[in-house]
Amino acid sequence: MKKVFCFGVSCLLLLSVLACTSTKVTVTTVPLLYTNNERTEFTILGEVLYESSDRPGYIGLLKAARDLYPDCDYVIDIMAEQRTTTTEKTTSYFPINLLFFFLKNTQSVETSVIWVMRGTAIKYKR
């Protein structure tokens, strides 16, 4: 019984040592919106960046601009992007697969989406 237990424990240790994990990360960025307003006189306050895991809207970007620049009236030159990150993890038990056919490679895929909006905060000249 003790020999069987020792053999089992040594096999588990060997299995954990020989396991290999590989990771592949793919990031894609897609521009979704661009606006520009050049008809009104204004003062440029600066650039604003707003990120969200939910789909952002103009109100979120304007709030971020007003947090940075309290005098902000509007945000122009808006660009919205979607950043998708896909992570593939593969765990392989190659040396042990030769001995035990029931151990297969395991693979998991995780995808996360971040929405990014950029713009220029302005104050209208009155």
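Please count how many residues of the stretch 67-86 are assigned to a strand (DSSP E or B) and in contact with a Lys or Arg (Cβ under 6 Å, 6 or more places away or on another chain). Show your work before the answer.
Step one: of the stretch 67-86, the residues assigned to a strand (DSSP E or B) are 74-86.
Narrowing further to those that are in contact with a Lys or Arg (Cβ under 6 Å, 6 or more places away or on another chain): 79.
Residues flagged as assigned to a strand (DSSP E or B) and in contact with a Lys or Arg (Cβ under 6 Å, 6 or more places away or on another chain) within the stretch 67-86 amount to 1.
Please enumerate the residues belonging to the stretch 39-61 that are among the hydroxyl-bearing types (Ser, Thr, Tyr), closer than 29 Å to VAL27 by Cα and assigned to a strand (DSSP E or B). First the steps, then the outcome.
Just the residues of the stretch 39-61 that are among the hydroxyl-bearing types (Ser, Thr, Tyr), to begin with: 40, 43, 50, 52-53, 58.
Now narrow it down to the ones that are closer than 29 Å to VAL27 by Cα: 50, 52-53, 58.
Scanning the stretch 39-61 gives TYR50, SER52.
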ALA64 passes all but one of (1) at pLDDT below 85; (2) not in a strand (DSSP E or B); which number fails? (1)
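The values are calculated or read from the model by the stated rules, or taken from the named source; none is laboratory data. Just so it is clear, the structure is predicted and the values come from calculations on it, not from any experiment. Here the Cβ is made from the backbone with ideal geometry for all residues, glycine too, and neighbour counts use every protein chain on show.
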